[in-house]
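Trainee: Questions regarding the structure given below will be posed in turn.
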Amino acid sequence: MSEERAARTVAATNGVAQDTAFGAVISPIHLSTTFKFPAFEKPGPYDYSRLGNPTRDQLADTIAKLENGARAVMVSSGMAALELALSSLRPGDLLVAPHDCYGGTYRLLSMRAERGHYRVTFVDQSDEAALAAALAQKPRVVLIETPSNPLMRVVDIRRTTALAKAAGALAVVDNTFLSPALQQPIGLGADLVVHSTTKFLNGHSDVIGGAVVAADAAVGEELASWANTIGITGSPLDAYLTLRGVRTLFVRVEQQQRTAAAIAAFLEASPAVARVHYPGLASHPDHALAKAQQSGFGAMLSFELAGGLEAVRAFVGALRIFTLAESLGGVESLVAHPPTMTHAAMDPGARSTAGITDGLLRLSVGLEAEGDLLADLTHALDAVREN
């Protein structure tokens, strides 16, 4: 059995038909906040749901297996997952982060640094000299986001994690954009993998959650203990819904990325589009690297309209199927304008350094008919030309 098929089987069946009470095929949901002690001073496997819950543990076990990790911890959001993954940092410790990371990540790291909780340096991790200079400062953690949000830049995970470990740093990889269906960073050297399970893992835009997957079981136990201590563990209902989403992860992503590839090629051919950012295109500078470390190119892409902000207004205003909204990874197609939405927390200088222009739009491709989405984009591009 191939690794891909094994992962598909895990996603579809992990925890199925294991109910010992009634023989339920689907894993039951355990909403109870508290659990009975069998006897005085003899707790059972569960006592309080903040610490442990059977439904949440089922989801954690499934995601850990999909990522080939030793332990996963389910928390209340993607930002909570990032915060947990960085919880080992102390005042004076250095964190090396990508200069073109998600706006929420940039905001969290910048605010933590301003408060003196740790130091941060934002680095173009594809720039070998810049990365080497940062690693020479002996960071405690190196954070990798690949593909990057929103410019779809690809970082060599194997090389960067090896360099991080050689410098004595923990290597943390945000795998939200691809999910374990298309990329498994632990196999490429990551110590921790972070997810916003809100996105592709859940896939239906109705649950907010996050996960941290540890390559080492002892590290996973420490993270689980800290998540309980600070109270950021996810709810059982959210875990149940997310597990339901995971069941269809592979088939959703396969269809979404097929359509995304067609859209990327269509946009690249349009004279109204200055540039398309999608690693699946042969013209993308990281195409070969993405092909080597990913099993697909994903359903996320971004592009720059030649007309800048005015073109963006005309384009977005003409869309009929794509919805102007933040988030990503759901069954519905979304469009976002990073400078005013997902990356508004970054100051203009930081956005400029990262390459986020006023004409940039990000697409999350859903499960609508490919022809309908292409027709919608055609209509919007016509509006840009007429503007």
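The values are calculated or read from the model by the stated rules, or taken from the named source; none is laboratory data. Just so it is clear, the model here is predicted, and its values are computed rather than measured. Note that each Cβ is placed from the backbone with ideal geometry, even for glycine, and that neighbours are counted across all protein chains shown.
Trainee: Report whether or not residue 19 is at pLDDT 95 or above and either surrounded by 13 or more Cβ atoms within 10 Å (Cβ to Cβ) or in a loop (DSSP other than H, G, I, E, B) (or both).
Mentor: No.
Trainee: Still on this structure: Pairs under 6 Å by beta carbon, first residue assigned by TED's automatic domain parsing to the domain that holds residue 326 in the range 337-348, partner among the acidic types (Asp, Glu), six or more apart or different chains?
Mentor: Every condition considered, the pairs that remain are 339/358; 341/326; 342/326.
Okay, residues lined up against (1) in a helix (DSSP H, G or I); (2) within 19 Å of residue 67 (Cβ to Cβ); (3) at pLDDT below 95; (4) touching a Leu at 6+ places or on another chain (Cβ under 7 Å):
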residue: 201; (1), (2), (3), (4): no, yes, no, yes
residue: 205; (1), (2), (3), (4): no, no, no, no
residue: 208; (1), (2), (3), (4): no, no, no, no
residue: 211; (1), (2), (3), (4): no, yes, no, no
residue: 218; (1), (2), (3), (4): yes, yes, no, no
residue: 223; (1), (2), (3), (4): yes, yes, no, yes
residue: 229; (1), (2), (3), (4): yes, no, no, no
residue: 237; (1), (2), (3), (4): yes, no, no, yes
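Trainee: Among (1) within 20 Å of the chain's Cα centre (by Cα); (2) over 28 Å from residue 283 (Cβ atoms); (3) aliphatic (A, V, I, L, M), there is one condition residue 152 misses while meeting the rest; what is its number?
Mentor: Every listed condition holds for residue 152 apart from (2).
Trainee: List pairs: first residue in the range 81-92 and within 15 Å of residue 114 (Cβ to Cβ), second residue at pLDDT 95 or above and of a type in the set (Gly, Ala, Ser) anywhere in the structure, Cβ distance under 6 angstrom, at least six positions apart or on different chains.
Mentor: 91/116
Trainee: Considering the range 239-254 alone, what residues qualify as being touching a residue at least 60 places away in the same chain (Cβ under 8 Å) and either closer than 13 Å to residue 74 by Cβ or touching a helix residue (DSSP H, G or I) at 6+ places or on another chain (Cβ under 6 Å) (or both)?
Mentor: Within the range 239-254, 239, 240, 242, 243, 246, 247, 249, 250 meet the criteria.
Trainee: List pairs: first in the range 136-157 and outside the structural domain of residue 303 (by TED's automatic domain parsing) and more than 21 Å from residue 94 (Cβ to Cβ), second part of a loop (DSSP other than H, G, I, E, B) and aromatic (Phe, Trp, Tyr), Cβ under 7 Å, 6+ apart or cross-chain?
Mentor: Listed by first residue and then by second, the contacts come to 147/177; 149/102; 149/177; 152/278.
Trainee: Would you check which residues across the range 36-94 are in a loop (DSSP other than H, G, I, E, B) and closer than 17 Å to residue 236 by Cα and list them?
Mentor: Selection gives 45, 46, 47, 49, 50, 51, 52, 53, 76, 77.
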